[in-house]
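Engineer: Right, I'll just put the structure down here and ask away after.
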Amino acid sequence: MLFKSLEFKNAYGQKVKIIEIPVLEEENTYRFMIQLRLEAFIAKVYRSRTNRSVYSFREHLKKVLKWPVYEQIFQETALKHNA
């Protein structure tokens, strides 16, 4: 799975980075849900006054999603013959 990161300055001028944002295919059924949750998370981080500079979107999803949905989004394909 591919991940991307996003860097910006929040409302208080602090540099913030959001890491581990999953890149989903166009036909993936969870793409729209992830996009909406990412926008809400960015808005929350943008208004936040905490001194943290790095946030993990994956950890945020682990807290807010039901576990079967989280597993389907972040499923890792097993390699054959340990390749």
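The values are calculated or read from the model by the stated rules, or taken from the named source; none is laboratory data. Please read these numbers as outputs of a predicted model, since none were measured by experiment. Counting neighbours? That spans all protein chains shown, and the Cβs are built from the backbone with ideal geometry, glycine included. With ligands, DNA and RNA removed, areas are computed over all heavy atoms of the protein, side chains included. Shrake-Rupley method; radii C 1.70, N 1.55, O 1.52, S 1.80 Å.
Engineer: Would you calculate a helix-derived [θ] at 222 nm for the chain, using -39,500 (n - 2.57) for each DSSP H run of n ≥ 4 and dividing by the full residue count, to the nearest 500?
Structural biologist: When only DSSP H runs of four or more count, the value is -11500 deg cm²/dmol.
Engineer: Related question: Pull up all non-local amide H partners of TYR55: gap of 5 or more, or a different chain, and H-to-H distance under 5 Å with H placed in the peptide plane.
Structural biologist: Amide H neighbours of TYR55: LYS17, ILE18, ILE19.
Engineer: Using only the alpha carbons of the chain, determine the length spanned along each of the three principal axes and report them from longest to shortest in whole angstroms.
Structural biologist: Principal extents (largest minus smallest coordinate, Cα): 50, 26, 23 Å.
Engineer: Let me ask you something else. Can you tell me, using C-alpha contacts under 8 Å and at least 6 residues apart, the relative contact order of the range 1-73 as a whole percent?
Structural biologist: 34
Engineer: Pull out the extension gain between GLU39 and GLU59, defined as 0.36 nm times the separation in residues minus the alpha carbon to alpha carbon distance; nm, one decimal.
Structural biologist: So the chain would gain 5.7 nm between GLU39 and GLU59.
Engineer: Moving on to the next point. At 1.4 Å probe size, with the rest of the protein present, what percent of the exposed accessible area of the chain is carbon and sulfur atoms?
Structural biologist: 53
Engineer: Also, quick follow-up: Find how much the distance from ILE19 to SER5 grows on full extension, using 0.36 nm per residue of separation minus their present alpha carbon separation; answer in nm with one decimal.
Structural biologist: 4.6 nm
Engineer: Follow-up question, since we're still on this one. Quote the charge dipole size of the chain about the Cα centre in Debye, to the nearest 20; the model charges only the Cβ of Lys and Arg (+1) and of Asp and Glu (-1).
Structural biologist: 560
Engineer: Extending each Cα 7 Å along its Cβ direction at ARG49 and GLN75, get the distance between those two points in nm, one decimal.
Structural biologist: 4.4
Engineer: With the dipole of the chain worked out from charges on the C-beta (+1 for Lys and Arg, -1 for Asp and Glu) around the Cα centre, which of GLN75, VAL16, THR29 lies farthest toward the positive end?
Structural biologist: Comparing the listed Cα positions along the dipole, VAL16 ranks first.
Engineer: For the range 50-62, in order, what is each residue's ³J(HN,Hα) by Karplus, 6.51 cos²θ - 1.76 cosθ + 1.60 with θ = phi - 60°, in whole Hz (x at glycine and Pro)?
Structural biologist: Karplus-based 3J(HN,Hα) across the range 50-62 equals 5, 8, 5, 10, 10, 10, 9, 5, 5, 5, 4, 5, 4 Hz.
Engineer: Per residue, how much accessible area does the range 5-62 have with a 1.4 Å probe, in Å²?
Structural biologist: Ligands and nucleic acids excluded, the figure is 68 Å² per residue.
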